Amino acid sequence: MPAPADHPLALIGFAPEAARALRDLGLIALNVPTTDLSRVLDACRALEFTGALVHPRLEHTVLDGVTPDHAAQRLGRVDAIAFAGGGHLGTIHGVHSLADALTDAVQASGYPTRGASALLLGHVSADLTQAMPLARLGFGMVGVCADSAPEAERALRDLPAGVRGYPFSRRDEAIQSFAERADLIVLTSGTLPPGTLQPYHTLADLTGRCGVGSSGASALDLSALPALRLARQLAHATGQRFHAHDLAALVPAFQ
């Protein structure tokens, strides 16, 4: 249920512009201190704040002060907090919204996921966790490539039943063979192994640094991802739902 309109939202690590931007949405937003965050969160709960948004540079520092959901625990980061129950006996729930926002972005793009194959590339299971919810969109086969096979296997623990999963290390020669059978390539961190992209591929680049270059591959449009993520954060922290297109102009204040 949405919190009463007079219950403020805490902003942790953001510039004052972020609070002003949220006030244009009818939300009372207050910047709070960023030192001794466990005590800050306890104070916000006691003062019946509805929730909090966390700046990317502080996402890992608030983890110990909240009860994170599974994805946030695996990732080791929290970007949105909800204070449930109010007062000193209330609970503090933390989430990391990027994975769900990425799923929203892929669905909004119209990319045909049903029966397709995907290859997810990253460094460790934590950053690959950001892309694993995509497997719920109907992919028939998902390959996961990390710095080591054990890291890839850890990421595959979140694979939905019925989806075939294949772990690879970045040194595994078989990764190129799997890439040739993949439709969607998702880069969560690092770089793409040379020769991975082919003209028939679609690339979802979460790093913003790779791009399709001269490969002839297509790039999945992720321009709405920041606004979709902010919508997810606000839904958790306030109980209110906002459309991503209404938040697009606010995104720069939260980066």
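Just a few scattered comments:
- Matching option when the condition is modelled with pLDDT of 95 or more and either part of a helix (DSSP H, G or I) or within 16 Å of Arg229 (Cβ to Cβ) (or both), among Ala101, Ala108: Ala101
- Segment 46-71, subset of a type in the set (D, E, K, R), surrounded by 14 or more Cβ atoms within 10 Å (Cβ to Cβ) and over 11 Å from Pro8 (Cα atoms), residue modelled with the lowest pLDDT: Asp69
- Evaluation of Ser223 against the conditions (1) over 19 Å from Ala99 (Cβ atoms); (2) surrounded by fewer than 18 Cβ atoms within 10 Å (Cβ to Cβ) shows that the sole unmet condition is (1).
- Positions within segment 101-116 being over 16 Å from the mean Cα position of the chain (by Cα) and surrounded by 18 or more Cβ atoms within 10 Å (Cβ to Cβ), in sequence order: Tyr111, Thr113
- From the list Ala21, Ala29, Ala10, the one residue that fits, being within 21 Å of Gln255 (Cα to Cα), surrounded by 19 or more Cβ atoms within 10 Å (Cβ to Cβ) and touching a Cys at 6+ places or on another chain (Cβ under 8 Å), is Ala10.
- Filter result (open to solvent by 10 Å² or more (accessible area, probe 1.4 Å) and either among the charged types (D, E, K, R) or closer than 18 Å to Thr191 by Cβ (or both)) within segment 127-150: Asp127, Gln130, Arg136, Asp147, Ser148
- Close pairs (8 angstrom Cβ cut-off, 6 or more residues apart or separate chains): among the hydroxyl-bearing types (Ser, Thr, Tyr) in segment 38-49, surrounded by fewer than 16 Cβ atoms within 10 Å (Cβ to Cβ) anywhere: Ser38/Asp64
- Only one of Ala72, Ala18, Ala43 that is among the aliphatic types (A, V, I, L, M) and out of contact with any strand residue (DSSP E or B) (no Cβ under 7 Å at 6 or more places or on another chain): Ala43
- Any hit, segment 159-174, residues being in contact (Cβ under 8 Å) with a residue 60 or more places away in the chain and open to solvent by less than 30 Å² (accessible area, probe 1.4 Å): no
- Lone qualifier among Gly143, Gly86, Gly162 - being at pLDDT 95 or above and either over 30 Å from Phe254 (Cβ atoms) or outside any helix (DSSP H, G or I) (or both): Gly143
- All positions within segment 206-220 that are more than 13 Å from the chain's Cα centre (by Cα) and under 22 Å from Glu180 (Cα atoms): Cys210, Gly211, Val212, Gly213, Ser214, Ser215, Gly216, Ala217, Ser218, Ala219, Leu220
- Some residue of segment 128-149 being closer than 19 Å to Gly208 by Cα and among the acidic types (Asp, Glu): no
- Restricting the first member to segment 196-223 and to residues that are on the phi < 0 side of the Ramachandran plot, and the second to residues that are of a type in the set (Gly, Ala, Ser) and not in a loop (DSSP other than H, G, I, E, B), the beta-carbon pairs closer than 6 Å and six or more apart or on different chains are Thr196/Ala179; Thr202/Ser218; Leu203/Ala219; Val212/Ala219; Leu220/Ser109; Leu220/Ala204; Asp221/Ser109; Leu222/Ala105.
One line per residue, one yes/no per condition, for (1) touching a residue at least 12 places away in the same chain (Cβ under 8 Å); (2) within 19 Å of Asp246 (Cβ to Cβ):
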{"residue": "Ala15", "(1), (2)": "yes, no"}
{"residue": "Ala21", "(1), (2)": "yes, yes"}
{"residue": "Gln73", "(1), (2)": "no, no"}
{"residue": "Val78", "(1), (2)": "yes, no"}
{"residue": "Ala82", "(1), (2)": "yes, no"}
{"residue": "Thr91", "(1), (2)": "yes, no"}
{"residue": "Ser97", "(1), (2)": "yes, yes"}
{"residue": "Thr113", "(1), (2)": "yes, no"}
{"residue": "Leu119", "(1), (2)": "yes, no"}
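- Of the criteria (1) under 30 Å from Pro8 (Cα atoms); (2) touching a Gly at 6+ places or on another chain (Cβ under 9 Å), which one Ala224 fails: (2)
The values are calculated or read from the model by the stated rules, or taken from the named source; none is laboratory data. Worth saying up front: this structure is predicted, and the values here are computed from it rather than measured. Note that we place each Cβ from the backbone using ideal geometry, even for glycine, and neighbour counts take in every protein chain shown. For the accessible areas, the whole protein counts, side chains as well, though only heavy atoms, and no ligand, DNA or RNA atoms are used. Shrake-Rupley method; radii C 1.70, N 1.55, O 1.52, S 1.80 Å.
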